[in-house]
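Asks: Pasting in a structure now, in structure tokens, and then I'll have a few things to ask.
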Amino acid sequence: MGRYLIRRLLTAIPTLLLISFVLFAIISLAPGDPMSQFAANPAVPPEVRENIRRSLGLDQPWPVRYVKWITALAHADFGYSFASHVPVVDLIKLALPNTLAVVGVAFLISLLLAIPIGILSAVKQYSIFDHVATTFAFVGFSVPTFFTGTMLIIILSVNLHLLPFIYDSTLRVDSLASLGQQIRQSIMPILVLALFQTATLVRYTRASMLENLPQDYVRTARAKGLAETGVINRHVVRNSLIPVVTLIALSAPGVFAGAVITEQIFRVPGIGYLLIDSITKSDTPVIMAITFTFAVLVVFFNLVADVMYGVLDPRIRYD
């Protein structure tokens, strides 16, 4: 296992370097100018705009700027935002708690609900519970989050006046009353994300369980006299979770990268909201910090998934 991890980590380094190079090239060559906010202001003289461009390094070719960016990154420095002129790390620190409070909670809820529902739906195939769960999964997976979010706002906020539809990022949780407000304003975005993620995981878990239930090893376990609960939990579930782990591992980086559409709908100032705002302003340092961090998380969680395969299936060996 140790040698396998070392090989994967050594492979990840050039992979991430190539990803960062491609990302920086696309962002640098894309239409848009970080200096557009100054160009639209006639009070800023051209020579001042040129000095600002020079101070930000925008007068240099993008390959030179990439080398400087990757060198700074090697020293754990993401640079300064072109738009807000503050360290990129500070912007991420402000946005990340909001993302974790919404996307992270929704992800945990979906895990706690989806796997048991998918397992039970497969075990009780064609039952009323299975039909309800399958219908829920198809609806949740098919309906886009922007539609679900808009409908919740219309029903729960506009018509019933039960929940706020604008997320208040300035709210400080220092009492039971403020904690209640935080919970109330987080309910709708969490519901939107949890519905979609739970539906996706239910479909995969159910399909994987149905694939393993008719296998020979399951019939053999039953023939040995094992209780049905033991057969399901010790044999079928363990093998069925292998493809589900892959889906969970690929979804986990989204917890830190934010839900772009949902955060835009409910005005949650999280990582996804920050990314869209930075793209509209051509704020290269912020865009690179978020996208590259997401790439690192994808590589890391894929490695975690590979390790989990060995835990779930003892037949898998890496050495």
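The values are calculated or read from the model by the stated rules, or taken from the named source; none is laboratory data. Every value quoted in this text rests on a predicted model; they were computed, and no experiment measured them. Heads up, the Cβs are rebuilt from the backbone with ideal geometry, glycines too, and the neighbour counts pull from every protein chain shown.
Asks: Restrict the check to region 55-74 and report whether at least one residue is at pLDDT 80 or above, exposed (fewer than 11 other Cβ atoms within 10 Å of the Cβ) and within 26 Å of the chain's Cα centre (by Cα).
Replies: Within region 55-74, one or more residues are at pLDDT 80 or above, exposed (fewer than 11 other Cβ atoms within 10 Å of the Cβ) and within 26 Å of the chain's Cα centre (by Cα).
Asks: OK, next. In the set A289, A305, A295, which member is outside any loop (DSSP other than H, G, I, E, B), among the small types (G, A, S), in contact (Cβ under 8 Å) with a residue 12 or more places away in the chain and under 21 Å from I115 (Cβ atoms)?
Replies: Numbers: A289 fails: under 21 Å from I115 (Cβ atoms); A295 fails: under 21 Å from I115 (Cβ atoms).
After ruling out the rest, the residue left standing is A305.
Asks: Given (1) crowded, with 22+ Cβ neighbours inside 10 Å; (2) farther than 30 Å from L156 by Cβ, identify the lone condition not met by T262.
Replies: Among (1) crowded, with 22+ Cβ neighbours inside 10 Å; (2) farther than 30 Å from L156 by Cβ, the lone unmet condition for T262 is (2).
Asks: Just the residues that are among the hydroxyl-bearing types (S, T, Y) and either free of Cβ contacts under 8 Å to residues at least 60 places away in the same chain or within 21 Å of P269 (Cβ to Cβ) (or both), please, taken from region 95-141. Can you show your working first?
Replies: The initial filter retains those residues of region 95-141 that are among the hydroxyl-bearing types (S, T, Y), namely 99, 110, 121, 126-127, 134-135.
The answer is T99, Y126, S127, T135.
Asks: Looking at region 277-286, which of its residues are part of a helix (DSSP H, G or I), surrounded by 16 or more Cβ atoms within 10 Å (Cβ to Cβ) and either of a type in the set (S, T, Y) or at pLDDT 90 or above (or both)?
Replies: Listed by number, the residues that qualify are S278, T284, P285, V286.
Yes or no, residue by residue, for (1) touching a helix residue (DSSP H, G or I) at 6+ places or on another chain (Cβ under 7 Å); (2) part of a loop (DSSP other than H, G, I, E, B); (3) of a type in the set (K, R):
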| site | (1), (2), (3) |
| --- | --- |
| P97 | no, no, no |
| T148 | yes, no, no |
| V158 | no, no, no |
| L163 | yes, yes, no |
| D168 | yes, yes, no |
| L171 | yes, yes, no |
| L179 | no, no, no |
